[in-house]
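Following: one structure in structure tokens, then a few remarks.
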Amino acid sequence: MLQIEGLSIHYGVIPAVKKLNIEVKQGEVVTLIGANGSGKTTTLRGISGITRAKEGKILFQGKDITKMEAHQIVAMGISQVPEGRGVFPDLKVIENLYMGAYLRRDKKQIQRDVEEVFHLFPRLEERKEQVAGTLSGGEQQMLAMGRALMSKPKLLLLDEPSMGLAPIIVKEIFKIVKRINEEGTTVLLVEQNANMALSVAHRGYVLETGEIVEQGTVTELQNNDKIRKIYLGIH
Amino acid sequence: MKSTRLLKIVAALLILALPLWLRNEYMLHIAISIGIYIMLALSLNTIVGYAGQFALGHAAFYGIGSYVTALLLLNTDLSFWLVLPIAGLVTGLFGFILGSPVIRLRGDYLGIVTLGFGEIIRLIFVNWVDVTRGPMGLPGIRSPELFGYTFTSSADFYYLVLVLVAITVLVIYRVVHSGMGLSLLTVREDEVVAESIGIRPTKYKLIAFTMGALFAGVAGAFYATYISFISPDSFLYTDSVMILAMVVLGGMASVTGSILGAIVLVVTPELLRFASDYRMMLVGLAIVLMMVFKPQGFWGESRRKRNFYGKELADKPQKSAAAVSDSNSAT
């Protein structure tokens, strides 16, 4: 579904990711794990067209999207949940959700999809008239995810959904990620929390200073000594 | 509920009949000034409050509208009613042209560039003597005529400005309370997130700039024909700051707020005339205190009760959008 071939992205002269090759197949949850500054977020921003690639190709469903603009990429069916609390803080919850359907015109279906998002995140329904900035961190993360789902993406890009959240909320969020995937959305998940990420993913890539150092299925990664030591903290 | 409605009708009648009970040229002039500044504050609010672009050169657009009007009325036989929309469109075009290159700048940088733009425009007014007569200004600008009737008294101009303000309020209110207004807000809130849901921030910023400039141009056109003399001194950077103060003091991203801000900042200096030279100091002090104790302004966004999607999702029927101010959806 998504193929990244030899992707390099530079910030000025500094390379942030170097010659990445990543593949995401239909229906999968693929995770990119790595420490701070390893290039995970840059990769996601490259895919969604917010940061420009210097070299390489990004193919989505066989089409080259490397040079497309962010809004065209969203229209292709790739939706990103930005890092941190990617919500519009002064807009109401319900307005945030509707904005996610910005590129869609099928009003009735949008209405049903809002209901579906509420079904997935009941807490958002309770707070639908509240201004998004007043939600808790976990709720904001849920809202950002719900909003991304409103564009009916084929591929959902999640950028560190666990960032700064209590472990119990993290578990809840990952449960929902799993459910979103089971309902047919392919997910590319960027995480520092390798344990959680590997618990929902099918395959994973490990990034270090902009390069892929390990890759494989979840079982392969979980049994890799180096990864167990450095990322999973098991000795 | 009933009493607020009655209050509204009484207020509307008082405003309509103002020249009848306010038989005082000075007072009427202030009322007209308020009208001009409401248009300016509202138009700047679309740029600053809704799109979140810190623009400091609004007086330049006001000036362009005035000069276009003055030059057309002095050099051609065109009727004011034709010149008015031309002035608005020309100014809107300037907003678009200025917007295109600078729209990628953010915050302070945009502020400085628009400040520079304001100065450049003023210097053009001063130095392009062949056309603008420089600092001597352009005197003898024609008054509007309607079916053979020439606008002469302050009351005539009062009604003209009232109509223009009503149009401005109505158009801007409709735009900012539509899907476009919501898109503008998302651009203000977080451009990256806006982009990630498929919004093109540059497009909306340009729309805001163009629309803001257009209505400032209309205000300028009215000013030119009302005062009948314009000079570069009327479009200084202090005027830009004053308009910005109205927006901030009234409340960002609020139509009612801009109206209140304009009224307060036009009326207060007049009330403080007894303090002569100190009056602007007092106004400044009032603004500082206001920002310390009520930073969201008189009627800031926190008062926004209407949900953009209220009609589709409301559990209880909402009131129709007949009313112009955004304060009245409280039931």
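The values are calculated or read from the model by the stated rules, or taken from the named source; none is laboratory data. Keep in mind the model is a prediction, meaning the values are calculated, not measured. Neighbour counts are summed over all protein chains in view; Cβ atoms, including those assigned to glycine, are modelled from backbone coordinates with ideal geometry.
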Which residue pairs have Cβ atoms closer than 7 Å, lie 6 or more positions apart in sequence or on different chains, and pair a first residue in region A:214-230 that is part of a strand (DSSP E or B) with a second residue that is hydroxyl-bearing (Ser, Thr, Tyr)?
-> A:Gln215/A:Tyr205
Within region A:99-117, restricting attention to residues that are more than 11 Å from chain B (Cβ to nearest Cβ) and over 18 Å from B:Gly179 (Cα atoms), which residue is surrounded by the fewest Cβ atoms within 10 Å (Cβ to Cβ)?
-> A:Arg112
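The rows are residues; the columns are (1) crowded, with 19+ Cβ neighbours inside 10 Å; (2) of a type in the set (Lys, Arg); (3) within 13 Å of chain B (Cβ to nearest Cβ).
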site	(1), (2), (3)
A:Met145	yes, no, yes
A:Ser162	yes, no, no
A:Leu165	yes, no, no
A:Lys178	no, yes, no
A:Glu182	no, no, no
Please enumerate the residues belonging to region B:90-108 that are buried (at least 23 other Cβ atoms within 10 Å of the Cβ) and hydroxyl-bearing (Ser, Thr, Tyr).
-> B:Thr91
Which residue pairs have Cβ atoms under 6 Å apart, sit 6 or more places apart or on different chains, and have a first residue in region A:69-91 that is more than 7 Å from every other protein chain (Cβ to nearest Cβ) and a second that is among the aromatic types (Phe, Trp, Tyr)?
-> A:Met76/A:Phe60
Scan region A:122-136 and give yes if some residue there is facing chain B (nearest Cβ under 8 Å) and assigned to a strand (DSSP E or B), otherwise no.
-> no
Which residues, counting only those in region A:35-70, are crowded, with 20+ Cβ neighbours inside 10 Å and not β-branched (Val, Ile, Thr)?
-> A:Ser38, A:Gly39, A:Lys40, A:Leu44, A:Arg45, A:Gly46, A:Ser48, A:Gly49, A:Ala53, A:Phe60, A:Ala70
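Quick check on A:Thr43: is it over 30 Å from A:Arg228 (Cα atoms), touching a residue at least 40 places away in the same chain (Cβ under 8 Å) and β-branched (Val, Ile, Thr)?
On the way: over 30 Å from A:Arg228 (Cα atoms): no; touching a residue at least 40 places away in the same chain (Cβ under 8 Å): yes; β-branched (Val, Ile, Thr): yes.
Taking the combined requirement at face value, the residue does not satisfy it.
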Restricting to region A:74-125, what's the tally of residues that are within 19 Å of the chain's Cα centre (by Cα) and of a type in the set (Val, Ile, Thr)?
-> 5
Filter region B:200-219 for residues that are within 14 Å of chain A (Cβ to nearest Cβ) and either in contact with a His (Cβ under 6 Å, 6 or more places away or on another chain) or modelled with pLDDT of 90 or more (or both) and give the result.
-> B:Arg200
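Can you name the residue in region B:157-199 that is in a helix (DSSP H, G or I), among the charged types (D, E, K, R) and within 14 Å of another protein chain (Cβ to nearest Cβ) and is also nearest to the chain's Cα centre (by Cα) among such residues? Please lay out each step first, then the result.
Step one: list which residues in region B:157-199 are in a helix (DSSP H, G or I), which gives B:157-176, B:179-189, B:191-196.
From what's left, among the charged types (D, E, K, R): B:174, B:188-189, B:191, B:195.
Pick out the ones that are also within 14 Å of another protein chain (Cβ to nearest Cβ) and you get B:188-189, B:191, B:195.
On the way: B:Arg188: 19, B:Glu189: 22, B:Glu191: 25, B:Glu195: 29 Å.
Checked region B:157-199; the qualifying residue nearest to the chain's Cα centre (by Cα) is B:Arg188.
Residue by residue, here is whether (1) crowded, with 24+ Cβ neighbours inside 10 Å; (2) touching a Ser or Thr at 6+ places or on another chain (Cβ under 7 Å); (3) over 30 Å from B:Pro101 (Cβ atoms) holds:
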position: B:Leu164; (1), (2), (3): no, no, yes
position: B:Leu170; (1), (2), (3): no, no, yes
position: B:Val175; (1), (2), (3): no, no, no
position: B:Leu184; (1), (2), (3): yes, no, no
position: B:Glu191; (1), (2), (3): no, no, no
position: B:Ala194; (1), (2), (3): yes, yes, no
position: B:Thr202; (1), (2), (3): no, no, no
position: B:Ala208; (1), (2), (3): yes, yes, no
position: B:Phe215; (1), (2), (3): yes, yes, no
